[in-house]
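Undergrad: Take a look at this one; I'll ask things after.
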Amino acid sequence: MNNIETESYQNLLVKNGLKKTGARLQVLDVLSHRNSATSQPYLENKIGKDIDRVTLYRILKTFEEKGIIHRVLDKQGTANYALCTSSCSENHHHDEHVHFNCNNCLRVYCLDDVKIPPLKIEKGFKIEDMNLIVSGICKDCNEAN
């Protein structure tokens, strides 16, 4: 982490009323340097023994509740996490974009510029979360062929 990134992560934590711990900063650093959503097992392997599994789980849960990250399931049903946009806030996610599951490399990408259109649903129903998952071959895998 460089000083500018560290300061940015610290500001994000303060803005959300969270303590600036080394573990939280490490998780933000890994998530911000990935071009795809990140699973908890990947984070465990990347961060190593610095953070135990329970602490990592709590960090991810807190970040999701605060609107710092959002969760999307991959084709195997594993939760993957990606940083939210600045429009997300505590318990109010606004990540209505398409998620792309690559059938080749199995990564999950947030296609932030591909928005899910507003949905009209039957009276009496209340949408609390929207997720659209598309499967295929990602740009990196497609270019490798």
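The values are calculated or read from the model by the stated rules, or taken from the named source; none is laboratory data. What you see is a predicted model, and the numbers here were worked out from it, not measured in a lab. Please note: Cβ atoms are built from the backbone with ideal geometry, for glycine as well, and neighbour counts cover all protein chains shown.
Undergrad: Looking only at segment 93-145, count how many residues are more than 19 Å from E64 (Cβ to Cβ), among the polar types (S, T, N, Q) and at pLDDT below 90.
TA: 1
Undergrad: So, one more: State whether the residues of segment 44-59 include one that is closer than 20 Å to N11 by Cβ and touching a residue at least 24 places away in the same chain (Cβ under 8 Å). Spell out how you get there, then give the answer.
TA: Start the filter on segment 44-59 by keeping residues that are closer than 20 Å to N11 by Cβ, which leaves 59.
Narrowing further to those that are touching a residue at least 24 places away in the same chain (Cβ under 8 Å): 59.
For segment 44-59, residues closer than 20 Å to N11 by Cβ and touching a residue at least 24 places away in the same chain (Cβ under 8 Å): present.
Undergrad: Restrict the check to segment 129-142 and report whether at least one residue is touching a strand residue (DSSP E or B) at 6+ places or on another chain (Cβ under 8 Å) and closer than 17 Å to L31 by Cβ.
TA: Taking every residue of segment 129-142 in turn, none turns out to be touching a strand residue (DSSP E or B) at 6+ places or on another chain (Cβ under 8 Å) and closer than 17 Å to L31 by Cβ.
Undergrad: For segment 1-27, name all the residues that are in contact (Cβ under 8 Å) with a residue 40 or more places away in the chain and closer than 27 Å to L111 by Cβ.
TA: L12, N16
Undergrad: Now for a separate question. What tally of residues in segment 10-37 results from selecting those that are within 20 Å of G48 (Cα to Cα), in a helix (DSSP H, G or I) and either of a type in the set (A, V, I, L, M, F, W, C) or at pLDDT below 90 (or both)? Explain how you work it out, then say what you get.
TA: Let us first name the residues in segment 10-37 that are within 20 Å of G48 (Cα to Cα), namely 20-34, 36-37.
Keeping just the survivors that are in a helix (DSSP H, G or I) gives 22-32.
Next, from what is left, pick out any that are either of a type in the set (A, V, I, L, M, F, W, C) or at pLDDT below 90 (or both): 23, 25, 27-28, 30-31.
Selection size over segment 10-37: 6.
Undergrad: Just for strands (runs of 3 or more DSSP E) wholly inside segment 52-137: which have at least 1 residues that are among the charged types (D, E, K, R)? First the steps, then the outcome.
TA: Details: elements: 69-73, 79-83, 97-102, 108-115, 132-136.
Once the strands (runs of 3 or more DSSP E) in segment 52-137 are filtered for at least 1 residues that are among the charged types (D, E, K, R), what remains is 69-73, 108-115.
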